[in-house]
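The next block holds one structure in the form of structure tokens; read it before the comments.
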Amino acid sequence: MKRHLISTADLTREDALLILDTTEQMAQVSARSVKKLPTLRGRTVVNLFFEDSTRTRTSFEVAEKRLSADVINFSAKGSSVSKGESLKDTALTLQAMGADAVVIRHSASGAPKLLADSDWLHGSVVNAGDGTHEHPTQALLDAFTMRRHLNPGVGHDLAGRRVTIVGDVLHSRVARSNVHLLHTLGAEVTLVAPPTLMPFGVETWPCQTSYDLDAALTKADAVMMLRVQRERMNAAFFPTQREYTRRYGLDARRLALMPEHALVMHPGPMVRGMEIESTIADSDRAVIVEQVANGVSVRMAVLYLLLGGSEPAITTSSANTSEETGK
Amino acid sequence: MSTTNYLIRNARILGGEPQDIRVTDGVIAEIGAELAADGEQEIAADGLIALPGLVDLHTHLREPGREDAETVLSGTKAAAKGGFTAVHAMANTFPVADTAGVVEQVWRLGRESGYCDVQPIGAVTVGLEGKQLAELGAMADSAAQVRVFSDDGKCVDDAVIMRRALEYVKAFGGVVAQHAQEPRLTEGAQMNEGVVSGELGLAGWPAVAEESIIARDVLLAAHVGSRLHVCHLSTAGSVEIVRWAKSKGWDVTAEVTPHHLLLTDELVRSYDAVYKVNPPLRTEADVLALREALADGTIDIVATDHAPHPAEDKQCEWSAAAMGMVGLETALSVVQSAMVDTGLMDWAEVAERMSAKPAAISGIPGHGRPVSVGEPANLVLFDAQYRGAVNPDAFATRSRNTPYRGMDLPGRVVATFLRGDAKVLDGELV
Ligand SMILES: [Zn+2]
Ligand SMILES: [Zn+2]
């Protein structure tokens, strides 16, 4: 494993499988009544959020606490960041505080890489979503969720599984991270979007593309619906919400086109009635709530591995000492 | 008038055979082999190439308004170190150089600096806002005698305003230098729109945003019979349009920056904002097309678009960073690397495109003249054999936003003479 997690493109197949297998172990911890490991005791993890995202920040925070890390939430709201303090000065401050890892969420593409490549701080950098670039832990939790359903087992990948990703690919960091990771794991990805929401140069990506959702659904093992902001229609990406939903939304008719076993996924937050019909989001075909639960386990695995997890995550002894009996 | 006369020994004028150049009272007095010294200071120029003083048609000196980035003094020092004897100061200062008062101020600051001549460029429209023509005639009639007008940094995107400006400046032999960027197609744009922007999730800046404006402008210039200059052309498609316009005999000239001759958008993968520039770095195919066009004369000149920014405007998130690169002190080295060492141009052609032609476009007197007897002694001595890593800490510009830090570039300016006065000797400011 590298020292930072910036992009899923940086992960080898071995890295990715190690994270997924470690996630499996972490999921066992999360299933216990006392959901805590001593692994990161005495280590400081900073959640540096320049962009609001309660769900992602909470997921990281739960993961960090389950690993017994000291957690600092440094959010742009109510901090000096909003007064114009630079990323550099913020990083220098966190370095002075002795941050062992910084989980960064930023509206600017590339901010996590800038931080990781700089000499402003020395801890590990975890990208928790940067602009329209990447969101690697989201892709990892998606892959983990898919593997559990479509090819369960330690050491397994997603070879030959077909994943259809639908919606605003252009502005989606989730799509970018998923394309890299799913390709690395052997899955066949098809991106479906109106041409206006397809990124320039997408033909060079390791995936297929289509403008026709119906055709892309019939062989899918999983379909991932991306959030589409209503404001996009103001910039003429599509004419109306109604037309978008008709052409690219997941409704009961389209669900019926999919194989019986196919999963319905969504990285959240959903726009019900826009990209996904409410009843489908709530149906037993959807694994959306499961994705959220897996998010905590994946983030535990990533932090554990980045912060020098050379020991197995769970040994018999650590499983015992983790019971917080108090030393 | 210069107080010291010089005898330059064994300089290779435009890369030719070694000759001596006698500089007397600011003028090239004699050129020949083994000239007899007559009390001059002798300068050993063995192996050095002598070029006419370089002329930059596109320089951001930032004064007035952003003296934290550059001043006329620091910018002209950088120019002298880069071998320039004249620079054209862009109008996007604070206040904007859209009145006779501001252009005269810049002109006066240039005279006081003394390191190279400063010819102010006037804004086309009031406040660079593209709505109302600035007092172009007043700027032309001022002490600064402005002949080049540009809203650079912004595009004169309104077709009617552009048409009127092209027509109006004919009265005093002016030229409009257009920063070609269709604003709607580049809202929020961060880098060249291509494979790299798609992967990096940075808003794209399509080539067509530049090309559509150039196409419109050459047609407008032809229609009203005016002169058009295209700033920092950056795409292969723009080259094709300019080539076509020239084939029609229309009065269109174009410039390319050193960085667009050498660097591509692949560098943006670092998210290091030192590579953020307007127009953006393009692709390898564009770079090769620009080189070919500069060599065959489709692109007339090299202009630096020297754009200094303080560190805090570059050491930040890509989307928050300022656009632009410093370029005066590396321009000749980059041109050697991209054009001369590749065999595309010889030194006479470098002199044509970095001195004679830019001076002709601007009409600035006393610059861009040949290295011959009776001409003003505006000269550069350049060591083309030199190889070394670029060290921004040694720059004279106030800013350090160079994309070449640590890069091995060929060539080094050894001496610069402005009307016979040494401004740089042994690579250092005098
Ligand atoms: Zn410009
Ligand atoms: Zn400029």
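A few notes on this one:
- B:Leu61 meets each of the listed conditions (1) within 16 Å of ligand 1 (Cβ to nearest atom); (2) touching a Leu at 6+ places or on another chain (Cβ under 9 Å); (3) not in a loop (DSSP other than H, G, I, E, B) apart from (3).
- Qualifying residue in segment A:43-50 (condition: among the aromatic types (Phe, Trp, Tyr), assigned to a strand (DSSP E or B) and open to solvent by less than 40 Å² (accessible area, probe 1.4 Å)): yes
- Given (1) open to solvent by less than 40 Å² (accessible area, probe 1.4 Å); (2) without any contact (Cβ under 8 Å) to a residue 60 or more places away in the chain; (3) more than 14 Å from every other protein chain (Cβ to nearest Cβ), index of the condition A:Cys207 fails: (3)
- Condition met for A:Val179 (within 12 Å of chain B (Cβ to nearest Cβ) and open to solvent by less than 10 Å² (accessible area, probe 1.4 Å)): yes
- For segment A:109-122, a tally of residues being in contact with a His (Cβ under 9 Å, 6 or more places away or on another chain) and in a loop (DSSP other than H, G, I, E, B) returns 2.
- Any hit, segment B:385-399, residues being over 18 Å from the mean Cα position of the chain (by Cα), of a type in the set (Ser, Thr, Tyr) and under 18 Å from B:Thr330 (Cα atoms): yes
- Check on B:Leu290, over 29 Å from A:Ala9 (Cα atoms), more than 16 Å from ligand 2 (Cβ to nearest atom) and not polar (S, T, N, Q): yes
- Test: residue in segment A:145-156 that is more than 10 Å from chain B (Cβ to nearest Cβ), more than 22 Å from A:Arg230 (Cα to Cα) and in contact with a Ser or Thr (Cβ under 7 Å, 6 or more places away or on another chain): no
- Selection of segment A:210-248 for residues being within 14 Å of chain B (Cβ to nearest Cβ) and of a type in the set (Asp, Glu) yields only A:Glu231.
- Filter result for the condition that a residue is open to solvent by 60 Å² or more (accessible area, probe 1.4 Å), in contact (Cβ under 8 Å) with a residue 40 or more places away in the chain and within 23 Å of B:Ser355 (Cβ to Cβ), over B:Asp68, B:Asp25: B:Asp25
- Single residue of segment A:157-171 satisfying the filter (in a loop (DSSP other than H, G, I, E, B) and open to solvent by less than 10 Å² (accessible area, probe 1.4 Å)) that is nearest to the other protein chains (Cβ to nearest Cβ): A:Val169
- All positions within segment B:293-317 that are under 19 Å from B:Gly75 (Cα atoms) and among the hydrophobic types (A, V, I, L, M, F, W, C): B:Val302, B:Ala303, B:Ala307, B:Ala311
- Selection of segment A:10-29 for residues being surrounded by fewer than 16 Cβ atoms within 10 Å (Cβ to Cβ) and among the hydroxyl-bearing types (Ser, Thr, Tyr) yields only A:Thr12.
- Flag if B:Ala236 is small (Gly, Ala, Ser), more than 16 Å from ligand 1 (Cβ to nearest atom), open to solvent by less than 40 Å² (accessible area, probe 1.4 Å) and closer than 21 Å to B:Gly297 by Cβ: yes
- Test: residue in segment A:52-72 that is buried (at least 17 other Cβ atoms within 10 Å of the Cβ), part of a strand (DSSP E or B) and among the polar types (S, T, N, Q): no
- Filtering segment B:28-40 to residues that are in a strand (DSSP E or B) and loosely packed, with under 12 Cβ neighbours inside 10 Å leaves only B:Gly32.
- Residue under evaluation B:Lys154, criteria (1) more than 16 Å from ligand 2 (Cβ to nearest atom); (2) more than 14 Å from chain A (Cβ to nearest Cβ); (3) within 22 Å of B:Ala236 (Cα to Cα), criterion not met: (1)
- Restricting segment B:224-252 to residues that are β-branched (Val, Ile, Thr) and more than 16 Å from ligand 2 (Cβ to nearest atom), the residue that is farthest from the other protein chains (Cβ to nearest Cβ) is B:Val224.
- Checklist (1) assigned to a helix (DSSP H, G or I); (2) within 14 Å of chain B (Cβ to nearest Cβ) applied to A:Gly129, failing item: (1)
- Complete set of residues in segment B:299-313 that are surrounded by 22 or more Cβ atoms within 10 Å (Cβ to Cβ) and in a loop (DSSP other than H, G, I, E, B): B:Ile299, B:Asp300, B:Ala303, B:Thr304, B:Asp305, B:Ala307, B:Pro308, B:His309
- Enumeration of residues in segment B:265-298 that are assigned to a loop (DSSP other than H, G, I, E, B) and either more than 14 Å from chain A (Cβ to nearest Cβ) or within 16 Å of ligand 1 (Cβ to nearest atom) (or both): B:Lys276, B:Val277, B:Asn278, B:Pro279, B:Pro280, B:Leu281, B:Arg282, B:Gly297, B:Thr298
- Residue match in segment B:322-341 (condition: surrounded by fewer than 23 Cβ atoms within 10 Å (Cβ to Cβ) and within 14 Å of chain A (Cβ to nearest Cβ)): yes
- Odd one out for B:Ala338 among (1) touching a residue at least 60 places away in the same chain (Cβ under 8 Å); (2) outside any helix (DSSP H, G or I); (3) more than 13 Å from the chain's Cα centre (by Cα): (2)
- Taking first residues from segment B:123-137 that are modelled with pLDDT under 95 and partners that are surrounded by fewer than 24 Cβ atoms within 10 Å (Cβ to Cβ), no Cβ contact under 6 Å between residues at least 6 apart in sequence or on separate chains turns up.
- Residue match in segment A:96-105 (condition: within 30 Å of A:Ala215 (Cα to Cα), open to solvent by 40 Å² or more (accessible area, probe 1.4 Å) and more than 14 Å from every other protein chain (Cβ to nearest Cβ)): no
- Selection status of B:Val196, of a type in the set (A, V, I, L, M, F, W, C), within 14 Å of another protein chain (Cβ to nearest Cβ) and away from ligand 2 (no atom under 16 Å from the Cβ): yes
- Among the criteria (1) within 29 Å of B:Gly427 (Cβ to Cβ); (2) open to solvent by less than 20 Å² (accessible area, probe 1.4 Å), the one B:Arg282 does not fulfil is (1).
- Residue list for segment B:182-215, restricted to those being open to solvent by 50 Å² or more (accessible area, probe 1.4 Å) and either outside any loop (DSSP other than H, G, I, E, B) or not assigned by TED's automatic domain parsing to the domain that holds B:Arg291 (or both): B:Arg184, B:Leu185, B:Val195, B:Glu199, B:Val208
The values are calculated or read from the model by the stated rules, or taken from the named source; none is laboratory data. In this text, all values refer to a predicted model and were calculated from it rather than measured experimentally. Cβ atoms come from the backbone with ideal geometry, glycine included; neighbour counts cover every protein chain shown. The area values use the complete protein model at the heavy-atom level, side chains included, leaving out ligands, DNA and RNA. Shrake-Rupley method; radii C 1.70, N 1.55, O 1.52, S 1.80 Å.
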